[in-house]
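Read the structure below first, then the notes.
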Amino acid sequence: MMSKRAKIVVGLVICLIGLAVVLYFGTTYQLKRWYLEEDPILWLPEIRAFEASDRQQGVRKNAIVFVGSSSIRFWESLAADMAPLPVIKRGFGGARLADVTHYVDRIVAPYEPAAVVLFAGTNDIVPGRSKTPADMLARYKAFVDRVWALLPGTPIFYIAITPSPSRWSVWPVAQESNRLIREFSDSHINLHVIDTSSKLLGADGQPKVEMYRADGLHLSAAGYRAWAASVRPSLLQWMAEHQYTQQSKSGG
């Protein structure tokens, strides 16, 4: 007959196994929602974290909001790279274009930004499950429409989809998507496209390995320096042309 202590141990083991199963299938379900269903609710905890930070520190206004996927989230040197321009960083998870659009009212509009910088779309163009360039353009237009519905005429700078090693097979789709978005943007005075690919590709036309982390997707420190070398001058030129005041206001 099993002792009382042994029963307790067995019970604990069963509980731990049950917890592991719940966590495994819960994570699998979340990944399915992200990959297949594209449910923006998956990112709600990160959005709420931004809002909690704003409640503690106050909502800064008239800065430049950088929004998009994890490449924005991982840009640790953003404030220093963009100085003297005041910036707010609001990149989250593996966001797709539609995810960012879904949360414009919560991670862009409250700041009444002087301009918006967007990097999103790489998670829409993945090997084996890639959206078409036409669909990418439609999604970008939806983002612009949403921003301008809340913040009419606010300048938007789109960092073009990058040529990453891990997604090199779908680079032609990304290139055509970039082309369509640039063509659309060229017809609007407050839409701008910043293409960093020339700094990320080598003389052989292949992605420079040193520009990316080990995963071949996210930028390394060198990659972010390359981004900054393109993004900052574009913003400073816009600032000079429009006499943008650098003073960032704070509010409740």
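A few notes on this one:
- Residues satisfying the stated conditions in region 132-171, i.e. in a loop (DSSP other than H, G, I, E, B) and either under 17 Å from the mean Cα position of the chain (by Cα) or at positive phi (or both): 153, 160, 161, 162, 163, 164
- Filtered residues of region 100-150 (kept if of a type outside the set (A, V, I, L, M, F, W, C) and in contact with a strand residue (DSSP E or B) (Cβ under 8 Å, 6 or more places away or on another chain)): 110, 111, 112, 113, 124, 131, 140
- Here residue 163 meets each of (1) under 24 Å from residue 65 (Cβ atoms); (2) in contact (Cβ under 8 Å) with a residue 12 or more places away in the chain; (3) not hydroxyl-bearing (Ser, Thr, Tyr) with one exception, condition (1).
- Among the residues examined, residue 44 does not qualify as modelled with pLDDT under 95 and part of a helix (DSSP H, G or I).
- Qualifying position, being within 18 Å of residue 186 (Cβ to Cβ) and either at pLDDT 95 or above or in contact with a Ser or Thr (Cβ under 7 Å, 6 or more places away or on another chain) (or both), among 149, 120, 138: 138
- Residue list for region 157-181, restricted to those being out of contact with any Pro (no Cβ under 9 Å at 6 or more places or on another chain) and surrounded by fewer than 16 Cβ atoms within 10 Å (Cβ to Cβ): 172
Matching residues to (1) surrounded by 14 or more Cβ atoms within 10 Å (Cβ to Cβ); (2) under 26 Å from residue 154 (Cα atoms); (3) at pLDDT 95 or above; (4) not polar (S, T, N, Q):
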site: 212; (1), (2), (3), (4): yes, no, yes, yes
site: 233; (1), (2), (3), (4): no, yes, yes, yes
site: 244; (1), (2), (3), (4): yes, yes, no, yes
site: 247; (1), (2), (3), (4): no, yes, no, no
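- Tallying residues that are outside any loop (DSSP other than H, G, I, E, B) and either over 19 Å from the mean Cα position of the chain (by Cα) or farther than 13 Å from residue 137 by Cβ (or both) within region 186-197 yields 3.
- Selection status of residue 148, under 23 Å from residue 85 (Cβ atoms) and buried (at least 20 other Cβ atoms within 10 Å of the Cβ): no
The values are calculated or read from the model by the stated rules, or taken from the named source; none is laboratory data. None of the values given here were measured: they were computed from a predicted structure. Cβ: placed from backbone, ideal geometry, glycine included. Neighbour counts: every protein chain shown.
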